[in-house]
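S.K.: Structure in structure tokens, see below.
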Amino acid sequence: MKRVLIVGYGFMGRTHALVYQGMSSVSIVGIVDSYLKEKEVLLENGLKIPVFSDLESALPITDPTFVDLCVPTDLHVSLGLKVFEAGKHLFCEKPIALDLQGATLLEEARQKAGVQAMVGHCIRFWPEYRFFAKLVREKTWGALRSVSFRRYAGRPQGAAQNWVSDPARCNGAALDLHIHDTDFILSLLGTPESVTSRGIHESSGWNWIATDYHYQGVVVRAEGGWNLPASWGFEMSFRAVFEKGAVDYSTAQTPAIRFFPEAGAVPIEYQALTGESGASVNSNLAGFSGYVETLKYFVNQIEKNQSIEESTLSQAMESLKVTLAEIRSAQEGKSILIS
């Protein structure tokens, strides 16, 4: 039985807790959250879990196999280093850090500790995006010619101390929301030669960004942000054109993924690529299968004592580097080469 200590019990912490409750091989042994007044949290499965105010006191008492960090971005490095110092595996929400220096410190500490770590770039595991990646790899409809990604959200509400509105803690939607698409693009096509971006900067950071990623032979663009009214909700989508057809996906349409073949193209039917690890999905997580598959992969690799190969700290660092280059491009009004 693998033991997990969850640090941060906001939206993501609660979501991860639901996922773990659907895994027979994982036991939640504690929750760290200084804002919780209760001494225990009652989980949906009826278990009572002790609450700690800080990581240092929780680690020796709970003795977890791994720690799941669901805290504001500015805390990832300091808390992640403590996890590695304790010799524990780490799952950390994205982005890995606010800057490359912090990300480098984490990877160096992980290697020194000889433990595994993964960053929550869950779009790599989202069923429709995984299916799309398979079409690209296998060239089912020929080579990919162009693809555009969108990710929209209303202004964030309810974050502890409104940390997402502090540029020193978050740096806006570009680094917290849009980076999902940047990371997926890199997982699909590798690092681009350069990026050209335009954005909207507000007091809380870069809250809207649109980027052209420069690759040979394919046109790639992504845009998104959360400078929409809070009532907007959330929407993510992509539209891809292949040599022999087009694929259109959006959470705002039914069916969510649609196919438009050229005459004579092989028919394509969507099939979700989920369930590899055999863990059940809590019914309260309908629509959150990407989170489920991400954590299932992490836990499965730890159980098998195998290295993390997807959403590694190094991969997350590369996605951070490209996203920071996008922000710089928007700031300076010019294309930025990715070294």
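S.K.: Phe84 versus (1) modelled with pLDDT of 95 or more; (2) touching a Gly at 6+ places or on another chain (Cβ under 8 Å); (3) aromatic (Phe, Trp, Tyr): which is the lone unmet condition?
M.R.: All conditions pass for Phe84, except number (2).
S.K.: Among what's in segment 196-244 and is aromatic (Phe, Trp, Tyr) and over 20 Å from the mean Cα position of the chain (by Cα), pick the residue that is farthest from Val164 (Cα to Cα).
M.R.: Phe242
S.K.: Looking only at segment 1-16, which residues are part of a loop (DSSP other than H, G, I, E, B) and surrounded by 12 or more Cβ atoms within 10 Å (Cβ to Cβ)?
M.R.: The answer is Gly8, Tyr9, Gly10.
S.K.: Looking at segment 172-181, can you tell me whether even one residue there is in contact with a strand residue (DSSP E or B) (Cβ under 9 Å, 6 or more places away or on another chain) and β-branched (Val, Ile, Thr)?
M.R.: no
S.K.: With Ala256, Ala222, Ala174, Ala246 as the choices, which residue is touching a residue at least 24 places away in the same chain (Cβ under 8 Å), in contact with a Phe, Trp or Tyr (Cβ under 8 Å, 6 or more places away or on another chain) and surrounded by fewer than 21 Cβ atoms within 10 Å (Cβ to Cβ)?
M.R.: Only one candidate qualifies: Ala256.
S.K.: Would you be able to say whether some residue in segment 57-67 is touching a helix residue (DSSP H, G or I) at 6+ places or on another chain (Cβ under 9 Å) and more than 22 Å from Thr294 (Cβ to Cβ)?
M.R.: Yes, segment 57-67 contains at least one residue that is touching a helix residue (DSSP H, G or I) at 6+ places or on another chain (Cβ under 9 Å) and more than 22 Å from Thr294 (Cβ to Cβ).
S.K.: Counting only residues that are in contact (Cβ under 8 Å) with a residue 40 or more places away in the chain and among the acidic types (Asp, Glu), which one in segment 61-88 is farthest from Ser165 (Cα to Cα)?
M.R.: Here the answer is Asp63.
S.K.: Ok, one more. Which residue, of Arg110, Arg151, is outside the structural domain of Ala330 (by TED's automatic domain parsing), modelled with pLDDT of 95 or more, within 20 Å of the chain's Cα centre (by Cα) and crowded, with 16+ Cβ neighbours inside 10 Å?
M.R.: Testing whether each residue is outside the structural domain of Ala330 (by TED's automatic domain parsing), modelled with pLDDT of 95 or more, within 20 Å of the chain's Cα centre (by Cα) and crowded, with 16+ Cβ neighbours inside 10 Å leaves just Arg110.
S.K.: Looking at segment 17-47, which of its residues are touching a residue at least 60 places away in the same chain (Cβ under 8 Å) and surrounded by 12 or more Cβ atoms within 10 Å (Cβ to Cβ)?
M.R.: Across segment 17-47, the qualifying residues are Leu18, Val19, Tyr20, Gln21, Gly22, Met23, Ser25, Val26, Glu44.
S.K.: Please enumerate the residues belonging to segment 89-107 that are surrounded by fewer than 24 Cβ atoms within 10 Å (Cβ to Cβ) and without any contact (Cβ under 8 Å) to a residue 60 or more places away in the chain.
M.R.: Matches in segment 89-107: Gln101, Gly102, Leu105.
Yes/no per residue for (1) over 30 Å from Tyr249 (Cβ atoms); (2) in contact with a Leu (Cβ under 7 Å, 6 or more places away or on another chain); (3) in a strand (DSSP E or B); (4) among the polar types (S, T, N, Q):
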| residue | (1), (2), (3), (4) |
| --- | --- |
| Gly46 | yes, no, no, no |
| Ser57 | yes, no, no, yes |
| Pro60 | yes, no, no, no |
| Val71 | yes, yes, no, no |
| Ser78 | yes, no, no, yes |
| Pro95 | no, yes, no, no |
| Leu106 | yes, yes, no, no |
| Met118 | no, no, yes, no |
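S.K.: Exactly one of (1) at pLDDT 95 or above; (2) in contact with a Phe, Trp or Tyr (Cβ under 7 Å, 6 or more places away or on another chain); (3) not hydroxyl-bearing (Ser, Thr, Tyr) is unmet by Asn227. Its number?
M.R.: The number of the failed condition is (1).
The values are calculated or read from the model by the stated rules, or taken from the named source; none is laboratory data. Because the structure is predicted, anything quoted here is derived from the model rather than measured. Quick reminder, even Gly has a Cβ in these numbers, built from the backbone with ideal geometry, and neighbours come from all protein chains shown.
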